[in-house]
1. Would you confirm whether or not the stretch A:75-83 contains a residue that is touching a helix residue (DSSP H, G or I) at 6+ places or on another chain (Cβ under 6 Å), free of Cβ contacts under 8 Å to residues at least 60 places away in the same chain, buried (at least 21 other Cβ atoms within 10 Å of the Cβ) and part of a loop (DSSP other than H, G, I, E, B)?
2. With closer than 16 Å to residue A:35 by Cα and either loosely packed, with under 13 Cβ neighbours inside 10 Å or away from chain B (no Cβ under 14 Å) (or both) as the only criterion, which of A:308, A:322 stands out?
3. Within the stretch A:245-278, work out how many residues are surrounded by fewer than 13 Cβ atoms within 10 Å (Cβ to Cβ), free of Cβ contacts under 8 Å to residues at least 40 places away in the same chain and over 28 Å from residue B:121 (Cβ atoms).
4. Condition test on residue A:19, is it in a helix (DSSP H, G or I) and within 14 Å of chain B (Cβ to nearest Cβ)?
5. Considering only the stretch B:267-291, state which residues are at the interface with another protein chain (Cβ under 10 Å from one of its Cβ atoms), crowded, with 17+ Cβ neighbours inside 10 Å and closer than 24 Å to residue B:321 by Cβ.
6. Is it true that residue A:194 is farther than 24 Å from residue A:77 by Cα and either more than 15 Å from ligand 2 (Cβ to nearest atom) or within 13 Å of chain B (Cβ to nearest Cβ) (or both)?
7. Strands (runs of 3 or more DSSP E) wholly in the stretch A:170-284 with at least 3 residues that are more than 16 Å from ligand 1 (Cβ to nearest atom) - which ones?
Ligand SMILES: Cc1ncc(C[n+]2csc(CCOP(=O)(O)OP(=O)(O)O)c2C)c(N)n1
Ligand SMILES: [Mg+2]
């Protein structure tokens, strides 16, 4: 396994940039949880608490022109790739002005034209899709592009994951595939999901490069992902990254996660990456507690004022929707009565 | 007995199937100790040790394993977490389970439970109605229970049946539909039910749309029009006798289905009525389906996307020329 040691160290600027995105994602998700409890959200809420360090680290080394296909728990990565508090809240609160116009919601949002892919729920499906996108970039003569996508431990059991990673390996595509190994797929523990010694071993079977990281540790995440993204960009083929961590929330906000093993919660894997990152900032004297508190306040201010704004925005009006699933409007079929 | 929900009826049917038949086992994501995403197998893992267990996140394997187990004489009930995810196991359902008996003479007694249909905020991937899709394939029995009683008795029938059953249980009915007790007997598999008697027009429907249709019929009754409603119960096989008998009485037909219009259950019923009972019709038969787009996420779009009581009432008025 390549060691992140050869990498130049993480700078304070890099670390703080990532930390502030994590913080904003955390504050935003805390707000989403309270809006959910207040019945303000249309549909479900699925949060990424505890996964911010890994998620932000996937997207931070990406550039404009790259591809990012986030999954359920990637609020931080989404924001590092350019998603905003405004678009997030517009989607969750069902504003007509959001990128999905009320047609799809929550974690399914995206802007594919900007390389920010909109996941379908069917887990694993984004792996071959990103591989295909990278194949297209190659066919178009674009070089130096990277495509990153994330999934959970559970999603490594899908056919799409296996087929997609294998196909990407055959084509030696610049795919960075990141597994957030949060120990559970909904209620299902890893012991009922796979029996390989470690998920990282799957890389051997596909002949792709492997990277393992303690995903509670922001610095390690930044180093590992920076290295993986660079390796993909420089022609090293698919990079398989496994980050070990614990889901610090329910599967969704409807779920109390009573099934999570208390031993995991009190183990190092159960630590909160955001708190650890803050401790590191303080320990290294990159900022004071007053400053980190001010950053949080700033994030809260942005989130709260955006909620106020979005709540006044109209929802989609069924009369105005063209109800068209085809780009070619001549293909609209008119079913009497519908 | 306190009142039983549609969801609890499904749980009780699974419990009874496990208790009555040692060949039955439950397999699916989170169905074990957690009791399933909707709690349709709550406590069953404890009650039937070793016979209710969690599957990896692998629909293709879940259904493929059920097929293999069925060949070996077991009666697996597998749960898809949502009907929509059954597409990841589609190959095993339509190419393996559905063809087995025809190819080999060996039946494939699996039950695939599909938590189906739309609920507010469900969106494109947690809302689909897939009964017409599966009904297209020869060899599959497709059940769409619309009542608590049917949810219970049809699931038991599904387990007893030698052919593979796609069991489309409607999530919209899970919690709010209640019954005081569960039936001891039931209509045979493949028989539809006259859910409401009427004389002016026939509505043929199934699943959650039954309740929208009943509400529409009640609305029209206040204007003095009586709609007859047929609840198909199974969409394959399709009970055309009861449909044709009803159309013979009313001369007017409206088919209401929550799935998409093209090639849907409504389309099939209308095709059969026009070819087998054209002379019974006084006016052109009509249908009402979901709109021909993915199921939208926003509740305001969703409530217009699928047929509702008021849309059915409006379509009925047009059919009756009022
Ligand atoms: C193909 C497929 N089957 C089932 C589901 C339902 N489902 C949604 S999330 C989830 C668990 C996912 O676990 P994991 O991949 O570990 O990601 P995590 O939720 O832990 O981040 C399941 C089973 C799905 N979305 N897609
Ligand atoms: Mg997981």
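1. Kept after step one, since they are touching a helix residue (DSSP H, G or I) at 6+ places or on another chain (Cβ under 6 Å), are these residues of the stretch A:75-83: A:75-77, A:79-81.
Next, from what is left, pick out any that are free of Cβ contacts under 8 Å to residues at least 60 places away in the same chain: A:75-76, A:79, A:81.
Subset that is buried (at least 21 other Cβ atoms within 10 Å of the Cβ): A:75-76, A:79, A:81.
Going one step further and asking which of them are part of a loop (DSSP other than H, G, I, E, B), we end up with A:81.
So far as the stretch A:75-83 goes, yes, one or more of its residues are touching a helix residue (DSSP H, G or I) at 6+ places or on another chain (Cβ under 6 Å), free of Cβ contacts under 8 Å to residues at least 60 places away in the same chain, buried (at least 21 other Cβ atoms within 10 Å of the Cβ) and part of a loop (DSSP other than H, G, I, E, B).
2. On the way: A:322 fails: closer than 16 Å to residue A:35 by Cα.
From the options A:308, A:322, the qualifying one is A:308.
3. Here is the first cut: in the stretch A:245-278, the residues surrounded by fewer than 13 Cβ atoms within 10 Å (Cβ to Cβ) are A:254, A:256, A:258, A:262-263, A:266-268, A:275.
Imposing the further condition that a residue be free of Cβ contacts under 8 Å to residues at least 40 places away in the same chain reduces the set to A:256, A:258, A:262-263, A:266-267, A:275.
Going one step further and asking which of them are over 28 Å from residue B:121 (Cβ atoms), we end up with A:262-263, A:266-267, A:275.
So the answer is 5.
4. Numbers: in a helix (DSSP H, G or I): yes; within 14 Å of chain B (Cβ to nearest Cβ): no.
Here the answer is no, as residue A:19 does not meet what is asked.
5. At the first step, the residues of the stretch B:267-291 found to be at the interface with another protein chain (Cβ under 10 Å from one of its Cβ atoms) are B:267, B:284, B:286-291.
Checking the rest, the ones that are also crowded, with 17+ Cβ neighbours inside 10 Å come to B:267, B:286-291.
Listed by number, the residues that qualify are B:267, B:286, B:287, B:288, B:289.
6. Working: farther than 24 Å from residue A:77 by Cα: yes; either more than 15 Å from ligand 2 (Cβ to nearest atom) or within 13 Å of chain B (Cβ to nearest Cβ) (or both): yes.
Criteria met by residue A:194.
7. On the way: elements: A:175-181, A:209-214, A:239-244.
Strands (runs of 3 or more DSSP E) meeting the threshold: A:209-214.
So that you can scan it fast, the table gives a plain yes or no per residue for (1) surrounded by fewer than 24 Cβ atoms within 10 Å (Cβ to Cβ); (2) out of contact with any helix residue (DSSP H, G or I) (no Cβ under 6 Å at 6 or more places or on another chain); (3) without any contact (Cβ under 8 Å) to a residue 12 or more places away in the chain; (4) within 11 Å of chain A (Cβ to nearest Cβ):
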{"site": "B:79", "(1), (2), (3), (4)": "no, yes, no, no"}
{"site": "B:83", "(1), (2), (3), (4)": "no, yes, no, no"}
{"site": "B:114", "(1), (2), (3), (4)": "no, no, no, no"}
{"site": "B:137", "(1), (2), (3), (4)": "yes, no, no, no"}
{"site": "B:142", "(1), (2), (3), (4)": "no, no, no, no"}
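Any read-out appearing in this document is the output of simple, stated calculations on the displayed coordinates, not a laboratory observation. What you are looking at is a predicted structure, and each value in this text was computed from that prediction instead of being measured. All Cβ positions, even for glycine, are placed from backbone atoms using ideal geometry, and neighbour counts span all protein chains on display.
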